[in-house]
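> This is the structure, below, for whatever I ask next.
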Amino acid sequence: MKNFSYYINHLKKNQYSWLITGAGGFIGSNLVNFLLNLNQKIVGLDNFSLGIKGELLEIISRYNKNLFTLIEGDIIDKNTCISALKDVDFVLHQAALGSVPRSISDPFSSNEANISGFLNMLISARDSNIKNFIYASSSSTYGDHEALPKVESVIGKPKNPYSITKFVNELYADTFAEHYNFKTIGLRYFNVFGPRQRENGDYAAVIPKWIKNILNKQDIEIYGDGETSRDFCFIENAIQANIISALTENENAKGHVYNISVGGQTSLNHLFSMIHNNIEKSLGERIKIKPIYKDFRPGDIRHSRADISKAKKLLNYVPSHNVKKGIKETVNWYIENRK
């Protein structure tokens, strides 16, 4: 079975057109950078409600301007979706309103973007002549199912509005495969982190937020006792999953969802230690900071770890970064790009 290196070499020799929704977001912007570096043509769609336009423009400024087309629009508008899909080979659908706390405070907006917007994209892609449609799902679909590791075929009851929206995406994808023979691939991301992740705001992800606070010698907060654990997935692994899913020639791999992570488990206490130690080592100085423990957040699960054997078997997905290697590269990026 073809591996990731094969697909990279293939892209170096063959130019395709890719639609990346949520192109200004964390995963979307990293995909843009990766594909532009391989001389691919990109259509980036984003309404910039969350994505950062300036950072996206900075990325594309490094490349041939003819390779990238920006559509500033919303997937809630079906005509925008149809227009964005013109002459596109592959769709990497990353656009969504993320964050469990955000979905609890505003379930309507999460439903509109993540379900209505997803359905607009799915219908529009079905009616277009595209090769493959890859979409971002989430480990949150496992809900209250506590058994570890998480296996794609066994899920529980969703615990919050965000996880409901991602589960509905998977149900729609299954329905479109059954009734229209339009097979997609869903990627259940597990806590993706890395360069360009949002470090500011109420819904900033934990890793960039902690890095920023430690660099600024500010306290960090841990919800619960710190023994809550996650299967943290470096961005390069998520990029690999998108590319091999889009380019796979294995028809048996299509029409499925896959866990995308490393199959590991890291507690928040250990995560803090790794980030703290890497920053101290990189800066060459001691930083005296300890976590402040707060109440558990509603809607959060206690532990998570992915079984990635299905992705390995059908997609030949082999993670390039474990959490230790990913944290080191992430810390170095934020230090080098401090403002």
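> Normalized C-alpha radius of gyration of segment 61-123, against 2.2 N^0.38 Å? Present the calculation step by step, with values, prior to reporting the outcome.
Values: Rg = 14.0 Å, N = 63, 2.2 N^0.38 = 10.6 Å.
The value comes to 1.32.
> Calculate, axis by axis, the spread of Cα positions in segment 1-74 along the three principal axes, and write the results as whole Å, longest axis first.
39, 25, 17
> Give me the aspartates and glutamates in straight-line cross-link reach of residue 2: C-alpha distance below 14 Å, same-chain residues under 8 apart excluded.
Filter leaves 249, 251.
> Could you tell me what percent of the DSSP beta bridges with both partners in the chain are antiparallel, to the nearest 5?
So the antiparallel bridges amount to about 5 percent of the total.
> Which order do the peptides 54-65, 286-297, 115-126, 90-101 take when ranked by the mean count of other beta-carbon atoms within 10 Å per residue, highest first?
Numbers: 54-65: 13.5, 286-297: 10.9, 115-126: 20.5, 90-101: 24.0.
Listed from highest to lowest mean packing, they are 90-101, 115-126, 54-65, 286-297.
> Determine the alpha carbon to alpha carbon distance for each of 294/328; 13/312; 209/294 and list only those over 20 Å.
Distance filter (> 20 Å) returns 294/328; 13/312.
> Relative contact order (percent) for the chain, with alpha-carbon contacts under 8 angstrom and 6 or more residues of separation?
Relative contact order, the chain: 17 percent.
> Something else now. Counting Lys and Arg as +1 and Asp and Glu as -1, each charge on the Cβ, what is the dipole of segment 1-75 about the Cα centre in debye, to the nearest 20?
Using Cβ point charges on Lys, Arg, Asp and Glu, segment 1-75 gives about 480 debye.
> Follow-up question, since we're still on this one. Using every alpha carbon pair in segment 70-166, what percent of pairs falls into each 5 Å bin from 0 up to the bin containing the largest distance?
Over segment 70-166, the share of Cα pairs per 5 Å bin runs 2, 13, 21, 19, 17, 14, 9, 4, 1 percent.
> Another question, then. From the convex hull of the Cα coordinates of the chain, what is the mean projected area in square nanometres?
Numbers: hull surface 64.3 nm².
Mean projected area for the chain: 16.1 nm², to one decimal.
> Run down the aspartates and glutamates and flag those whose C-alpha is under 12 Å from the C-alpha of residue 310, throwing out any fewer than 8 positions away in its chain.
Here the aspartates and glutamates satisfying the reach criterion relative to residue 310 are 152.
> If I take the Cα coordinates of segment 186-339 and project them onto the principal axes, what are the three extents in Å, biggest first?
Per principal axis, max minus min of the Cα coordinates gives 53, 34, 24 Å.
> How many percent of Cα pairs in segment 273-339 exceed 15 Å?
Here the long-distance tail beyond 15 Å is 71 percent of all Cα pairs in segment 273-339.
> Moving on. Which of the peptides 183-192, 328-337, 310-319, 145-154 is most tightly packed, and how do the rest follow, going by the mean number of other Cβ atoms within 10 Å of each residue?
The peptides rank, most packed first, as 183-192, 310-319, 328-337, 145-154.
> Have a look at 85, 30, 11 and report the one farthest towards the positive end of the charge dipole of segment 1-96, computed about the Cα centre with Cβ charges (Lys/Arg +1, Asp/Glu -1).
Of the options given, the answer is 11.
Computed from the coordinates by the stated procedures, all read-outs in this text should not be read as laboratory data. Please read these numbers as outputs of a predicted model, since none were measured by experiment. For neighbour counting, all protein chains shown are included, and Cβ atoms are generated from backbone atoms with ideal geometry for every residue, glycine included.
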